Amino acid sequence: MKKYSAFSLIKNAFSYHQNWDVAWRDPEPKSEYEVIIIGGGGHGLATAFYLAKKFNIRNVAILEKGWIGGGNVGRNTTILRSNYMYNANNLFYEEGMKMWRNLSQELNYNVMYSPRGILNLAHSDAQMNAYSRRGNSMRLNGIDAQLLYREDIKKMIPFADYSSNCRFPIFGGLFQPSGGTARHDAVAWGYARGADDLGVDIIQNCEVTGFDVNNGKIQGVQTSRGNIKTKKIGLCVAGSTSLLAEKLNMTLPIEAHVLQACVSEPIKPLLDQVVTFGAGHFYCSQSDKGEMVMGGDLDGYNSYAQRGNLPTIQHVLTEGVALFPNLSRLKILRTWGGIMDMSMDTSPIIDKTHIDGLYLNCGWCYGGFKATPVSGLTFAHTIAKDEVHELNAPFRLDRFHTGHLIDEKGIGTKTWIS
Amino acid sequence: MLEIKCPYCGKRSQNEFAYGGDATVKRPELNKEVSDQEWDTFVYYRKNPRGNHLELWHHISGCRQWFKAKRNTATHEIIDTFELSDDVGDAS
């Protein structure tokens, strides 16, 4: 792999940028691999990258039904944060935040990491108490958290609604300065380029149609491009997890739901941070192109459609306008949907399974993007060593049996009770 | 915008309804020894099919009745709706 640098940029300018190397190959599948990762999204690509880099397992294939970066890694709202309350989540996501800081250097690919801060707004005294408790929990785990009050917020986002007749007045908020955003496509492309360079085969347009299991052990996969032998399979297919699990006669504590997001027309720099509305479910940041990137609730019914309906967008943007009245004059440029693998306690599952050689990475709900590096690292560890990493030890599948749920928000798939 | 046919009120806009999840999930029978696994399966595990799905909806801003709908999760097409007491088996 030729390194990207200012020098290579200048050098290639002389040939009108016609001679850049391809970022990753388009190989034919081999007949056998040591590990097969199903799903060429952020988590699958990161898993393959760390398998090769940290665990020196390079005979790896990523099988992707469509094209890499076409699923949820290209459909999220790019937010990075670790502002949780439970230790399991705090430690896991904070390790991810540490990895984000060096990711561009590690991948030699600019992921446009932008620690602009994330601000959760509070609209009542009770919510301020809850945020203060969560902030303390974060600080005990070494994460930066600041409890801000109305006057502080006024300085940060002067264009929010502070009028006396505001339905949900801003009381304050919880701020994580190290939170922020990264360019989602670059994350997929950077991991793909890095993994390919270490020898991983990225095989696109290759749908897994079945599994070969013998005596409870994985023997291989059947795909639209032929059968491939392997002893270890990592499932990183987000919203399609239940569909592949069904081929293995497994049922999972997961429902597929559609989550929509949208961007406005681009405007001049307005919003410096990521801001979330606390009296409903609306969040907003501004992209480098100037678009306001906005999202909120699930549509609320099981769906595999990758598109949603207008009422949810209307509902989310109504909250947006309640918070930032000046948004009302913007036009929406585009909306899209992605399929969330909603686990029943709103926390992910990274684990081995009862089938020898089958590993599970799913249940990311609304928040898979920020976990991409740490999910890849811990899943690679779980696959390579056949045991969970201490960071994903709380995220095992059997917690739904033992009762050790990580019900951070306590809603899971049941958004209708929230 | 989905248009959902409430079995009691007729076709109304999606805005009037709330979703209630998989309607094929059965609570383990009372007065019977229930294993942990049966209970976990009832509480947490779902078939989550791509295709026809029998599910509960609540006409919460209308007649407030719960009912069942057979809906395609890949296309969002609502194939039919039923009263809760109708025995329609599973969705497929």
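If you build the Cα gyration tensor of segment A:197-318 and take the root of 5 times each eigenvalue, what three semi-axes come out, in whole angstrom, biggest first?
39, 19, 12
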request  = Might you list the cysteines of the protein assembly as shown that have no disulfide-compatible partner by the rule of another cysteine's Cβ under 4.7 Å?
outcome  = A:Cys166, A:Cys206, A:Cys236, A:Cys262, A:Cys284, A:Cys362, A:Cys365, B:Cys63
ask   = Could you give the nm distance between label points at A:Lys30 and A:Ile267, where each point is 7 Å from its Cα heading toward the beta carbon?
value = 5.3
request  = Report Rg(Cα)/(2.2 N^0.38 Å) for chain B, keeping two decimals.
outcome  = 1.18
message = With θ taken as phi - 60° and the coefficients 6.51, -1.76 and 1.60, list the Karplus ³J(HN,Hα) couplings across segment A:292-309 in order, rounded to whole Hz; mark glycine and proline as x.
response = 7, 9, 10, x, x, 6, 5, 5, x, 9, 3, 7, 10, 8, 6, 8, x, 10
request  = Could you run the Karplus curve 6.51 cos²θ - 1.76 cosθ + 1.60 with θ = phi - 60° over segment B:67-78 and give me ³J(HN,Hα) per residue in whole Hz, x for Gly and Pro?
outcome  = 8, 10, 10, 9, 9, 8, 6, 8, 10, 6, 5, 8
note = Listed residues A:Ala13, A:Ala195, A:Ala130; largest mean-square fluctuation, Gaussian network over chain A with Cα springs below 10 Å, found at A:Ala13
query = Loop-only check: which GluC sites (Glu not before Pro) in segment B:8-92 are DSSP coil with at most 14 other Cβ within 10 angstrom?
reply = B:Glu29, B:Glu33, B:Glu77
task = Set the Förster distance to 22 Å, then compute FRET efficiency between B:Asp86 and A:Thr251 from the Cβ-Cβ distance, nearest 0.05.
result = 0.30
note = By accessible area (1.4 Å), largest first, A:Arg134, A:Arg150, A:Arg101 order as A:Arg101, A:Arg150, A:Arg134
ask   = Heavy-atom accessible area per residue, chain A, 1.4 Å probe: how many Å²?
value = 42
message = Counting only protein heavy atoms, probe 1.4 Å: which residues of segment B:46-92 lose 40 Å² or more of accessible surface in the full assembly compared with their chain by itself?
response = B:Arg46, B:Asn48, B:Arg50, B:Thr73, B:His76
request  = Calculate one ³J(HN,Hα) per residue across segment A:192-201 by plugging θ = phi - 60° into the Karplus curve 6.51 cos²θ - 1.76 cosθ + 1.60, and present them in order as whole Hz with x for glycine and proline.
outcome  = 5, 5, x, 5, 4, 5, 8, x, 6, 8
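Counting only protein heavy atoms and using a 1.4 Å probe, what share of the accessible area of chain B belongs to carbon plus sulfur, as a whole percent?
Answer for chain B: carbon and sulfur cover 45 percent of the accessible area.
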ask   = Counting DSSP beta bridges with both partners in chain A, what percentage is antiparallel, nearest 5?
value = 70
task = Multiply the residue gap between A:Asn108 and A:Asp161 by 0.36 nm, knock off their C-alpha separation, and tell me the result in nm, one decimal place.
result = 14.9 nm
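Add +1 for every Lys or Arg and -1 for every Asp or Glu among the other residues with Cβ under 11 Å from the Cβ of A:Gly220, and state the total.
Here the count lands on +2.
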query = Computed FRET efficiency, Cβ-Cβ of A:Arg133 and A:Gln18, R0 51 Å: what is it to the nearest 0.05?
reply = 0.35
remark   = Using alpha carbon centers only, segment A:81-140 is separated from segment A:263-313 by a whole-angstrom value of 19
query = For the pairing of chain A with chain B, what total accessible surface becomes buried, with a 1.4 angstrom probe, in square angstrom to the nearest 100?
reply = 2300
query = So, how do all the Cα-to-Cα distances of the protein assembly as shown break down into 20 Å bins, in percent, from 0 on up?
reply = 22, 55, 23, 1, 0
query = What FRET efficiency comes out for the pair A:Asp125/A:Asp407, r = Cβ-Cβ distance, R0 = 30 Å, nearest 0.05?
reply = 0.80
remark   = With a ≥ b ≥ c from the Cα gyration tensor eigenvalues, square-rooted, and the rule rounded for a/c under 1.5, otherwise prolate when a/b > b/c and oblate otherwise, segment A:105-165 is oblate
ask   = How about segment B:30-80: which trypsin sites (Lys or Arg not before Pro) there are in a DSSP loop, with at most 11 other Cβ atoms within 10 Å of their Cβ?
value = B:Lys32, B:Arg64
message = Quick check: pseudo-label points 7 Å beyond the Cα along Cα→Cβ at A:Asp152 and A:Ser8, how many nm apart are they?
response = 4.2
Long-range HN-HN contacts of B:Asn52 with modeled amide H, under 5 Å = B:Thr73
query = Looking at A:Ser15, A:Met1, A:Pro29, which one has the Cα that reaches farthest to the positive end of the dipole of segment A:1-42 (charges on Cβ: Lys, Arg +1; Asp, Glu -1)?
reply = A:Ser15
message = I'd like to know which of B:Pro7, B:His53, B:Gly21 lies farthest towards the positive end of the charge dipole of chain B, counting +1 on Cβ of Lys and Arg and -1 on Cβ of Asp and Glu.
response = B:Pro7
query = Near the amide H of A:Asp212, under 5 Å away, which other amide H atoms are found, from residues 5 or more places off or on another chain, if H is placed in the peptide plane?
reply = A:Gln219, A:Gly220, A:Val221, A:Gln222
Within segment A:177-248, trypsin sites (Lys or Arg not before Pro) in DSSP loop having at most 16 other beta-carbon neighbours inside 10 Å = A:Arg225, A:Lys231
remark   = Rounded to a whole %, the carbon-and-sulfur portion of the accessible area of segment A:111-255 at a 1.4 Å probe is 46
request  = Would you work out which of A:Ile339, A:Ile355, A:Ala380 lies farthest towards the positive end of the dipole of segment A:331-390? Charges go on Cβ: Lys and Arg +1, Asp and Glu -1.
outcome  = A:Ile339
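The values are calculated or read from the model by the stated rules, or taken from the named source; none is laboratory data. Model, not experiment: these values are computed from the prediction. Counting neighbours? That spans all protein chains shown, and the Cβs are built from the backbone with ideal geometry, glycine included. For the accessible areas, the whole protein counts, side chains as well, though only heavy atoms, and no ligand, DNA or RNA atoms are used. Shrake-Rupley method; radii C 1.70, N 1.55, O 1.52, S 1.80 Å.
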